[in-house]
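The values are calculated or read from the model by the stated rules, or taken from the named source; none is laboratory data. Being a predicted model, the structure only gives us computed values, none of them experimental. For neighbour counting, all protein chains shown are included, and Cβ atoms are generated from backbone atoms with ideal geometry for every residue, glycine included. These area figures cover heavy atoms from the full protein model, side chains too; ligands, DNA and RNA do not enter into them. Shrake-Rupley method; radii C 1.70, N 1.55, O 1.52, S 1.80 Å.
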Amino acid sequence: MDIKRLWIIVLDSFGVGALPDAAEFGDHDCHTLQTIVRSDQYDTPYLKKLGMFNIDGVDCGEKEAAPLGAFGRCRELSRGKDTTTGHWEIAGIISQQAMPTFPDGFPAGVIAQLEKAFGRRVLCNKPYSGTQVIHDYGQEHERTGALIVYTSADSVLQIAAHESVVPPEELYGYCRMARKILTGPYAVGRVIARPFVGTYPDYTRTKGRHDFSLLPPSDTMLDALVRGGLDTIGIGKISDIFAGRGIGRHIPIAGNIDGMEKTLATQKDDFHGLCFVNLVDFDMEYGHRRNVDGYAAAATVFDCQLGDFLPAMQPEDVLLITADHGCDPAAPGTDHTREHTPVLVYGAGVKAGVNLGTRRTFADIAATVAEMFGVPLKTAGTSFWPEIRK
């Protein structure tokens, strides 16, 4: 059976157990799924039916006697555990070197270049919680107009500004300046705009976040699909992660629920190709904030919406659910965790109950997509389409 439409839904940070090299990344017994299953807020019957708890190495939850989907897990070959690296590997690129991080803040020379380009002073320049940094520096920012620049355990530079001081479009302009400056050893994966509103001490971040990513260094499955004349839709921050390259249509979202509502809406669209979705709340709202019950509840809500998605699928449709890294909400600190990611594949043209085992790399997904649609793609991944195609 030929496939017409594929949805890849990335449950951002939904890891399923530590990778063998987790200790090299400061992680040990991390297991995002195992952590949230223990919460009384967790209930995902549709993920269970697809085979989530049948995945090798997943010793929590109840296994499904006859899974509706093919199931497995992927290792990450790239040297990283961040969003950009994970998505790039899903799309076919192995990153041999980790993107740079700045646990002590950015060097003085870089800050001087930024201040010259901005025409504004910089505040903070430290790793910081995004909500705490606006609480601690927001008043000074409002008083002086200086920009709040900070980082995290990820390869990012973030710029926060109050919308009454720096309108969002102006903030995006500063981020574009920073993106041009941050090259070579300072080429962070993402420069992120973080607009906020309110009055001290009740500042709140808006939905105006925007990520300015590095361009992928080589072709991805998105490029291959576009060359093949196929449609590509990015929902959520997918377009940001790939710097817009290979995305035919970008659909912004305001959180997981809205993201799934817009994904459900695409089921009514007559497209031929890929709809690539990122649901960031798992990571941003619950994983980094080490909120176990919140993460579990978000998984439960997603599963309810998945229950609406599955019966609306057409015979030539395929759904693939995966993740880009882990972010165990019970792990020490606030960083991502180096974990396997789940792979669940479902559709009328997919064999049910196939155990895909442990895949060598996330890039097996890209290879599978390329073979599924008959487009050439150079990648280190190995397609599992022959194993699951009816």
Report the paramagnetic label zone for R360: residues of segment 6-20 whose backbone N is under 19 Å from a point 7 Å from Cα along the Cα-to-Cβ axis.
-> 19-20
Round to a whole number: what % of the accessible area of segment 264-390 belongs to carbon and sulfur, probe 1.4 Å?
-> 52 percent
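Please work out the ratio of the alpha-carbon Rg of segment 203-270 to 2.2 N^0.38 Å and round it to two decimals.
On the way: Rg = 13.5 Å, N = 68, 2.2 N^0.38 = 10.9 Å.
Compared with the compact-globule rule of thumb, segment 203-270 sits at 1.23.
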Any idea what angle helix 168-181 forms with the longest principal axis of the chain, computed on alpha-carbon atoms, 0 to 90 degrees, nearest 10?
-> 90 degrees
Can you work out the FRET efficiency for the pair Q97 and R121, with r the C-beta to C-beta distance and R0 = 25 Å, to the nearest 0.05?
-> 0.15
About its Cα centre, what dipole magnitude does segment 310-390 give when the only charges are +1 on Lys and Arg Cβ and -1 on Asp and Glu Cβ, stated in debye to the nearest 20?
-> 300 debye
V122 accessible area, assembled protein chains, probe 1.4 Å, Å² = 20 Å²
Tell me, in nm to one decimal, what length is gained between D29 and E170 on full extension, where the rule is 0.36 nm per residue of separation less the Cα-Cα distance?
-> 46.4 nm
Only residues of segment 144-180 count here: report those whose backbone N is under 16 Å from the spot 7 Å along Cα→Cβ of T206, or say none.
-> 148, 159-175
Any idea how far the Cα center of segment 33-84 sits from the one of segment 366-390, in Å?
-> 22 Å
Enter the per residue convex hull volume of segment 79-228, computed from alpha-carbon coordinates, in Å³ rounded to the nearest integer.
-> 116 Å³
How far is helix 292-309 tilted off the main Cα axis of the chain, in degrees rounded to 10, range 0 to 90?
-> 50 degrees
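Carbon-plus-sulfur fraction of the accessible area of segment 28-97, 1.4 Å probe, in percent? Kindly include the intermediate steps, with their values, before the conclusion.
Details: 1200 of 2860 Å².
Reported share for carbon and sulfur atoms: 42 percent.
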Over the chain, what number does the Rg to Rh ratio reach, with both radii from the alpha-carbon atoms and Rh per Kirkwood?
-> 0.97
Please give the contour-minus-distance gain from D59 to A380: 0.36 nm per residue of separation, less the Cα-Cα distance, rounded to one decimal in nm.
-> 112.6 nm
Estimated distance in nm for a label pair at E316 and D40, the labels positioned 7 Å out from Cα along Cα-to-Cβ | 4.9 nm
Quick one: Debye curve from the C-alpha atoms of segment 259-390, no solvent, what's log10 I(q)/I(0) at q = 0.13, 0.20 Å⁻¹?
-> -0.66, -1.32
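With +1 on the Cβ of every Lys and Arg and -1 on the Cβ of every Asp and Glu, and nothing else charged, how large is the dipole of segment 260-300 about its Cα centre, in debye rounded to the nearest 20?
Numbers: 4 positive and 7 negative charges, 18 e Å.
Charge dipole of segment 260-300: 80 debye, to the nearest 20.
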Phi angles of segment 147-159, converted by Karplus (6.51 cos²θ - 1.76 cosθ + 1.60, θ = phi - 60°) into ³J(HN,Hα) in whole Hz with x for Gly and Pro, give 8, 8, 10, 8, 9, 8, 5, 7, 7, 9, 10, 10, 10
